[in-house]
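The values are calculated or read from the model by the stated rules, or taken from the named source; none is laboratory data. Just so we're clear, the structure is a prediction, and the values are computed from it rather than from any experiment. Don't worry about glycine lacking a Cβ; one is built from the backbone with ideal geometry, like all the others, and counts go over all protein chains shown.
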Amino acid sequence: MHTYADLLAELHVEVAADAEQSPAQFPEHDDCFAVRQAARHLSQLYERHLSAAGLTPTQFSILGSLGAASEPSLTMAQLARTMVMERTTLVRALQPLLRGGLVEDLAQASDSRRRLALTQAGRTRLTEANVHWRAAQDEFERRFGPQRAAWLRRELLRITRV
């Protein structure tokens, strides 16, 4: 099992070797491509499982973020920051959740900011979907290894929290 320091040392050697190569070899040396390709691959795995609950992975994450919030509701800006999404993309993802009564907009006429909250139906759907999310999580960890999955998750979350 490699330690984090070992991985960094290997990465340093690989980066130094890569710098000597010209031109860069695509896609093996494109971090953005690799991360996006992995994200699409994982999204397909989670979509397959979460579809049984009638949710996409993004919708599941929105419901989960609203359900885990320390406040009873979040503004669009707070939710967008939590999800690391552009607000326009978030609005599109929210539409089916609002129409389906899983999320409600608590904005009042005196306040132009949208305040979003999970409804009871949303809490119920989130609870039901957790079974399918757990199955996807277990499948990924079986394939990738639980320790490697935990390490990967920590590193990816670190990127968004820099």
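I need the full set of residues from the range 40-52 which are more than 16 Å from residue 93 (Cα to Cα) and touching a His at 6+ places or on another chain (Cβ under 8 Å), in order please. Selection gives 49, 52. Quick one: residue 83 ticks every box in (1) under 18 Å from residue 46 (Cα atoms); (2) among the aliphatic types (A, V, I, L, M); (3) at pLDDT 95 or above except a single one, so which number is it? Condition not satisfied by residue 83: (3).
I need a count of the residues in the range 132-150 that are in contact (Cβ under 8 Å) with a residue 24 or more places away in the chain and in contact with a helix residue (DSSP H, G or I) (Cβ under 8 Å, 6 or more places away or on another chain).
Of the residues in the range 132-150, the ones in contact (Cβ under 8 Å) with a residue 24 or more places away in the chain are 132-133, 135-136, 139-140, 147.
Within this subset, residues satisfying the condition of being in contact with a helix residue (DSSP H, G or I) (Cβ under 8 Å, 6 or more places away or on another chain) are 132-133, 135-136, 139-140.
Here the count works out to 6.
Based on what the data block shows, is residue 155 in contact with a Leu (Cβ under 7 Å, 6 or more places away or on another chain) and either of a type in the set (D, E, K, R) or over 20 Å from residue 50 (Cα atoms) (or both)?
Judged against the criteria, residue 155 is not a match.
Of the helices (runs of 4 or more DSSP H) lying entirely inside the range 24-100, the ones with 1 or more residues being in contact (Cβ under 8 Å) with a residue 60 or more places away in the chain are found at 31-50, 57-68.
Filtered by the rule that a residue be under 15 Å from the mean Cα position of the chain (by Cα) and among the aliphatic types (A, V, I, L, M), the range 57-93 gives 62, 63, 66, 68, 79, 80, 83, 84, 85, 90, 93.
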